[in-house]
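I have placed the structure first, in the form of structure tokens, so that the comments after it can refer back to it.
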Amino acid sequence: MGIRARIILRLESEYRGKLTSGQLTTEQFVSERNRAMVPIFEELRSWLLARSYEVAPKSKLGMAIAYAQELFDRTIRFVEHPPLTPDTNRVENAIWPFVVGRKNWLFSGSALGCSCPVQSSTASSRP
């Protein structure tokens with residue numbers, strides 16, 4: 001993980017802790033998060049734009065830069081909305097049992113034949 005990504009996650013954790021402890025109101029939380037994170041994202045946007053002129057568009061790096069620029073506005077949407085976070089940990093943890101179950105059902109012959117033991121074992125071993 002890059003330095004800026006770690007900074008963003010650290011800031012998010014700090015501000016979210018202050019929000020849940022009551023030190024910040026929702027409006028203050030959004031304002032502080034904007035003040036701290038938007039400059040980081042603007043720096044990233046300008047870096048992407050500068051590199052897009054230096055890299056061949058059909059190269060792997062050129063396609064990655066174009067993809068990042070295309071999704072950039074959606075990427076920073078979390079800054080304006082308090083319930084959203086910059087990572088996908090909650091979503092990944094929520095679908096984890098189904099992914100493990102799907103892999104186990106592959107060799108069970110049917111989803112019904114293996115669903116009970118798999119669901120109970122994944123529910124007890126969640127991270």
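A short reminder: the numbers here are calculations on the coordinates, not readings from a lab. All figures in this text were calculated on a predicted structure; none of them were measured in a lab. FYI the Cβ positions are ideal-geometry reconstructions off the backbone, even for glycines, and counts take in every protein chain you see.
Return, for the Cα atoms of the stretch 3-87, the radius of gyration and Dmax in Å, separated by a comma.
According to the Cα coordinates of the stretch 3-87, Rg and Dmax are 15.2, 49 Å.
Sort 56-64, 73-81 for me by packing, meaning the mean count of neighbouring Cβ atoms within 10 Å per residue, highest on top. Display every interim value, and only then the final one.
On the way: 56-64: 11.2, 73-81: 12.9.
For the peptides 56-64, 73-81, the packing ranking is 73-81, 56-64.
Ranking Arg33, Arg6, Arg16 by Cβ neighbours within 10 Å, fewest first, what do you get? Write out the running numbers ahead of the final one.
Numbers: Arg33 24, Arg6 10, Arg16 15.
Final ranking by Cβ density, sparse to dense: Arg6, Arg16, Arg33.
Work out from phi, with θ = phi - 60° and the Karplus expression 6.51 cos²θ - 1.76 cosθ + 1.60, the ³J(HN,Hα) of each residue of the stretch 54-60, listed in order in whole Hz, and give x for Gly and Pro.
8, 10, 4, x, 8, 6, 4
What is the packing order of peptides 19-26, 34-41, 8-15, taking the mean over residues of other C-beta atoms within 10 Å and listing the highest first?
8-15, 34-41, 19-26
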